[in-house]
Amino acid sequence: MTLGPATGMVAVLTTFVLLSCAVAGIGLLFRRTVTSEPLDLDDCFVAFWTGFALLVPFLLCWNFVRPIGWPALATALITGATGLLLNARQLSGLPSREAWRPSVAQFVGLCLAALWVANQSTGALAAWDDGLYHIQAVRWAQAHAVVPGIANLHGPLAFNLPSFLYDAMIDSGWWAGRGAHVANGVIVFVMVLHALIAGGRFLGAPASAPRVNLYRFVMLAPALSLVRNGGVTGYSTDVPVTAVALAAGALMYQLLASDDSRRSPRTDTFAFIAMTILFVTVACLKLSAAVFAGVAVLSMMAWRWWAGRPAVAETRVTLAWMVAIGLLFGVPWLARGVITSGYPFFPVGIGALPVDWLAPLEHARAEAAYVGFTEREFSWHIIGLGWLATVLLSDLYSVLIPVGVVAVAALALVKGGFGLREAARSRGFWGVPAVAVAVVTWFVSAPSTRYGVSLFWTIAAVCVCECHRVRWAEVGTRARRQAVSALVLLGLSPPLVEPTAKAIRSLSNPVSEILAYNVIVPGPDFGLHPIAFPHDVVQYRTDSGVALLVPRQRSEVANKCWDAPLPCTSNPAPNLALRVPGSPAQGFRVQGAWAMRDWPYYWQKTFLAEWRQRQSGVHPSEPRQ
């Protein structure tokens, strides 16, 4: 490989290291405001997730007044560097406080994993929605402050997904036009490294290591699966929300079932505050995850104050932090929702405000209905054949495999005489009801397999850890070795199982599929692949004279805006107008009822009529009376 093709992968990996340190520095700076307890390596990883979470309100507030670009990135990097400098003494002492020392094989494994994630990040876009609206959302954030009524231009642009602001920040400076190779990749990079380090600790002392290490090691499988399913190249919103939810779940289990006597109450207080920040961030990153986040925080608050019974002063401090976190994240997030659509929770059509850019209520309700329809694999049925095929054949690591892990662990527990009464008394299981409520909500609303990753893997990790707690001491050496081997194979399986399953389905060569899955051939841009499909657009003028760009109706892939100039939409409305003539940055409004054309897409013309029939009480399969 020549220097040219290797440059992209080296640049990506270098950026991963520098960016992860900067984001962790933000988290460490925040940690100093809560506790002065000594740092360990896990605290640094938690600092990354809290630092990433704190970027959300920062970027939300920034985008109220300014576009997102290199000034925002420079501010974040300077803040992160400040946090690292202020914690330099503690960071320098980490090696002496870290008991685990990686073997040569483990160190090589860490290096290979980092290189693999960097290599995968040099590929082309992976998410279907990147061309539909992800790239356009990033470009709007880079071009303008938050735009009022942008839902009237294209509904998904108003889904209030703050990860696009983070993507816009990363896609600036040296990485301008190439940020999709880094934004999600650094998140998975940190996930994988933490899971491998936790696995090294557990494998080094499986009987005495804190069980949270085992929990985090179980997270290796979903982390490696996210590399291709969510896409480390692109602006997929599933990667950040899944990663943050899994990190929050690990903190929840650590608090509930900590078996590390070295942890002080003040350290656990920070872990509780960090967990709350992460769960609130999860709710902001994707509305579909709000039930899991909300129920988890409420249940953990109840556990802490009634079961844990902290001191009155500590309770007051924690309550103050809860209120501050809610205001810090909730106020700008809700305000952004109102500005972009007129609704605080668009596409949920409740809480409409009387603003001139308010999206029509039918539009909001139709967008919400279409989300549920698509996440059931384009079916009106609660369980359709397409959805079952996705669960059983295509997206194995989202639902099927974690459910299988739960089943195996549950059988092992039952075999050891562990029943429902024992589970109710075990603190480790106290977080499961929150996940169960979220699973029910997920199933009846928008049961996309990609939305279920954090839910099912959280339950799987809890079951594995509790099985280890209950059964490890009573089983023999052979059974222990088999269990450890199974865990290692589970964690390392995604790069092999998923391409092998694809080869079986397509009757192709498994070896070639595995190589194609795990090795990205260098692309034309210093080893990077282009992040945008060439757009093919034509001009469309609304009745009020607004000039829009609209994709040509050639194919499903081509019928997207991709990286076309702003404003572009797949659903032009003849009654769309600018709030201020000649200034798209001042926002969009509609004159009259909802009248978008080709909604949701020109190649899916029957959905809207079917939905309207169902709204009137007549199912599409039933003739009107």
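Assorted remarks:
- For segment 455-473, the criterion of being closer than 24 Å to PHE345 by Cα and of a type in the set (Gly, Ala, Ser) is met by no residue.
- Residues in segment 200-215 that are hydroxyl-bearing (Ser, Thr, Tyr) and outside any helix (DSSP H, G or I): SER208 alone.
- Residue list for segment 353-378, restricted to those being small (Gly, Ala, Ser) and in contact with a Gly (Cβ under 6 Å, 6 or more places away or on another chain): ALA359, ALA364
- Residue tally, condition at pLDDT below 75 and closer than 18 Å to ILE277 by Cβ, over segment 304-314: 1
- Among the candidates ALA320, ALA324, residue that is modelled with pLDDT of 85 or more, within 22 Å of LEU161 (Cα to Cα) and not β-branched (Val, Ile, Thr): ALA324
Here is a yes/no grid of residues against (1) modelled with pLDDT under 95; (2) touching a Gly at 6+ places or on another chain (Cβ under 8 Å); (3) in a loop (DSSP other than H, G, I, E, B); (4) over 30 Å from THR122 (Cβ atoms):
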| residue | (1), (2), (3), (4) |
| --- | --- |
| VAL521 | yes, no, yes, no |
| ASP598 | yes, no, yes, yes |
| GLN604 | yes, no, yes, yes |
| ALA609 | yes, no, no, yes |
| ARG612 | yes, no, no, yes |
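- Any hit, segment 102-119, residues being β-branched (Val, Ile, Thr), in the same structural domain as ASN213 (by TED's automatic domain parsing) and surrounded by 14 or more Cβ atoms within 10 Å (Cβ to Cβ): yes
- Within segment 346-399, tally of residues that are aromatic (Phe, Trp, Tyr), surrounded by 19 or more Cβ atoms within 10 Å (Cβ to Cβ) and not in a helix (DSSP H, G or I): 3
- Per-region count, segment 483-520, residues surrounded by fewer than 13 Cβ atoms within 10 Å (Cβ to Cβ) and farther than 19 Å from MET219 by Cα: 9
- Taking every residue in segment 38-51 that is under 11 Å from ILE26 (Cα atoms) and pairing it with any residue that is of a type in the set (Phe, Trp, Tyr) and modelled with pLDDT of 95 or more, at least 6 positions away or on another chain, the pairs with Cβ-Cβ distances below 8 Å are ALA47/PHE30; THR50/PHE30; GLY51/PHE30.
- Test: residue in segment 177-193 that is in a helix (DSSP H, G or I) and over 30 Å from ASN63 (Cα atoms): yes
- Residue satisfying all of: in segment 59-99; hydroxyl-bearing (Ser, Thr, Tyr) and under 30 Å from ALA585 (Cβ atoms); surrounded by the most Cβ atoms within 10 Å (Cβ to Cβ) among these: THR79
- Residue count for segment 536-573 under the criterion of being part of a loop (DSSP other than H, G, I, E, B) and crowded, with 17+ Cβ neighbours inside 10 Å: the result is 15.
- Under the condition of being in contact (Cβ under 8 Å) with a residue 60 or more places away in the chain and among the β-branched types (Val, Ile, Thr), the residues counted in segment 516-547 number 3.
- Failed condition for PHE48, given (1) buried (at least 20 other Cβ atoms within 10 Å of the Cβ); (2) modelled with pLDDT under 95; (3) out of contact with any Phe, Trp or Tyr (no Cβ under 6 Å at 6 or more places or on another chain): (2)
The values are calculated or read from the model by the stated rules, or taken from the named source; none is laboratory data. Bear in mind that the values here come from a model prediction, so they are computed numbers and not experimental data. So basically every Cβ, Gly included, is an ideal-geometry build from the backbone, and we count neighbours across all protein chains shown.
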